[in-house]
Amino acid sequence: MAELGHGVGSIPSTASDEATQNANLPTAAQKAALAGTGTPSSGNKYATADYVTPANVPTSDQKASLTAADLLDATHPIMTKAYTVTAGETLAFGDCVYLDSADSGKAKKAINNDTSEKADAFGFVATVAGIANGATGVIYFTGLLTNAGWALTAGAPVYVGATAAAITNTMPVAGYVKPMGKAVSATQIRINPASGWAV
């Protein structure tokens, strides 16, 4: 008869094998860390701090703009990524913005028929109350964002528009063509800015 293997889930055949398997079980300190108590030691793979840190928790502004659809789509979770910026002009919730290299990287309204930098949008204002000129706020540069002020065509690509801060489903025929993602519904987009221009 072939001897049973001694891997995970196998039956120990000797007292020595049983001792070896017992030695591989989590320690009391590891179990405590997994439960969210105690002080994990360095390198402890059960440490909850390795997975959730204050920096990964959404801000109140980010939470305010989320809906159930922001957390899951039909097949898999959507990861929303945010960035804190200083506004170089007054910005409203949902504005499409670029970062002005000539003004210390401040966020300003993107537009497709001016300079290439102004058309090279980075993301969308996610601070619900908007961002005052010189103030800081949050923009989303990937993930889902819902804005009741949009009137988009579900399933169609979204581009930087010819009006400052606006987006459009119509591919521009003049200026710069900067894809920003796709409309999930009339009021929601899945943000995915292109790294260059559409051709």
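Note on Trp197 and Thr86: the model spin-label points, each 7 Å out from Cα along the C-beta direction, lie 3.1 nm apart. Mark the label point 7 Å from the Cα of Thr163 along Cα→Cβ and return the residues of the range 87-119 whose backbone N is within less than 16 Å of it. Residues 92-97, 109-113 fall inside that zone. Taking amide H positions as modeled 1.01 Å from N, with prolines and chain starts lacking one, the residues under 5 Å from Val184 and 5 or more places away or on another chain are Gly155, Ile189, Arg190. Distances between placed amide hydrogens fall under 5 Å for Thr142 paired with Lys81, all partners being 5 or more residues away or on another chain. Note that the range 161-169 has calculated 3J(HN,Hα) couplings of x, 8, 9, 3, 6, 8, 10, 8, 8 Hz, one per residue in order, obtained from phi through the Karplus relation 6.51 cos²θ - 1.76 cosθ + 1.60 (θ = phi - 60°); glycine and proline are x. Rounded to whole Å, the principal axis extents of the Cα atoms in the range 73-199 read 39, 31, 24, largest first. Return, ordered by residue number, the residues of the range 154-185 whose backbone nitrogen is under 20 Å from a label point located 7 Å along Cα→Cβ of Asp100. Answer for this model: 160-167, 176.
Under Stokes-Einstein, with the Kirkwood radius over Cα pairs standing in for Rh, what whole-number D in µm²/s applies to the range 78-124 at 20 °C and 1.002 mPa s? Kindly include the intermediate steps, with their values, before the conclusion.
Values: Rh = 11.0 Å.
Rounded to a whole number, D works out at 195 µm²/s.
Since every read-out is calculated from the coordinates, none of them should be taken as a lab result. Remember, predicted model here, so these are calculated numbers, not experimental data. No Cβ is skipped: glycine too gets one built from the backbone with ideal geometry, and neighbour counts run over all protein chains shown.
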